[in-house]
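The block underneath contains the structure these notes are about, expressed in structure tokens.
The values are calculated or read from the model by the stated rules, or taken from the named source; none is laboratory data. Predicted, not measured: the structure shown is a model, and the values here were computed from it. All Cβ positions, even for glycine, are placed from backbone atoms using ideal geometry, and neighbour counts span all protein chains on display.
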């Protein structure tokens, strides 16, 4: 199983040792507002970990736990999976963060690293992300990645916004600046 790192985060494949930290995040109603609409019980979080571990075994990728390198605390989770959890569908990025870490750029930082992994290691032809249309924080991360709105569709039992980017767009620098596979953007010359 693959561990990913960023400047501030260590992304470890989700495991039983992460249960308490993930539960602390998932039991927050505001964190889960656009995901399930209700806080998790500890049994819900354990069931999530069990599903994720089965996907790691089957696919070789799934959900990571985000560990803040400076503190060692669990601050979020994110994934490369398939939309609708069906391998016939495109690869999907997803993420969630502990509320006290919102607004610090961790979502974008982790999403850029997971996107680079999907394109460079998994050779995904495209990536999509899905969120509730009212979840501006998530759609903002998608836009920062270079993803564009594609459609309103029904996934995971609710209608939401699908954003996407192709591998070619990512590699041509249309993805997030500074991401692996996406060169730094330069400002246009002043006239």
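Looking across the stretch 25-43, the residues that are buried (at least 16 other Cβ atoms within 10 Å of the Cβ) and part of a helix (DSSP H, G or I) come down to 25, 26, 31, 32.
Among the conditions (1) more than 29 Å from residue 67 (Cβ to Cβ); (2) modelled with pLDDT of 95 or more; (3) touching a helix residue (DSSP H, G or I) at 6+ places or on another chain (Cβ under 7 Å), the only one that residue 185 does not satisfy is (2). Of the candidates 71, 41, the single residue that is under 23 Å from residue 157 (Cβ atoms) and over 17 Å from the mean Cα position of the chain (by Cα) is 41. Those residues that are touching a strand residue (DSSP E or B) at 6+ places or on another chain (Cβ under 8 Å) and either within 16 Å of residue 117 (Cβ to Cβ) or free of Cβ contacts under 8 Å to residues at least 12 places away in the same chain (or both), I need them from the stretch 1-19; list them, please. Correct list: 1, 2, 3, 4, 5, 9, 10, 11, 12, 13, 14. Scanning the stretch 144-171 for residues being closer than 23 Å to residue 116 by Cα and under 17 Å from the mean Cα position of the chain (by Cα) gives a total of 14.
If you filter the stretch 61-95 down to residues that are on the phi > 0 side of the Ramachandran plot and at pLDDT below 95, you find that the one that is surrounded by the fewest Cβ atoms within 10 Å (Cβ to Cβ) is 85.
With respect to being touching a residue at least 60 places away in the same chain (Cβ under 8 Å) and in contact with a strand residue (DSSP E or B) (Cβ under 7 Å, 6 or more places away or on another chain), residue 22 falls outside the description. So in the stretch 1-24, with the set limited to residues that are in a loop (DSSP other than H, G, I, E, B) and in contact with a helix residue (DSSP H, G or I) (Cβ under 6 Å, 6 or more places away or on another chain), which one is nearest to residue 137 (Cα to Cα)? Here the residue is 6.
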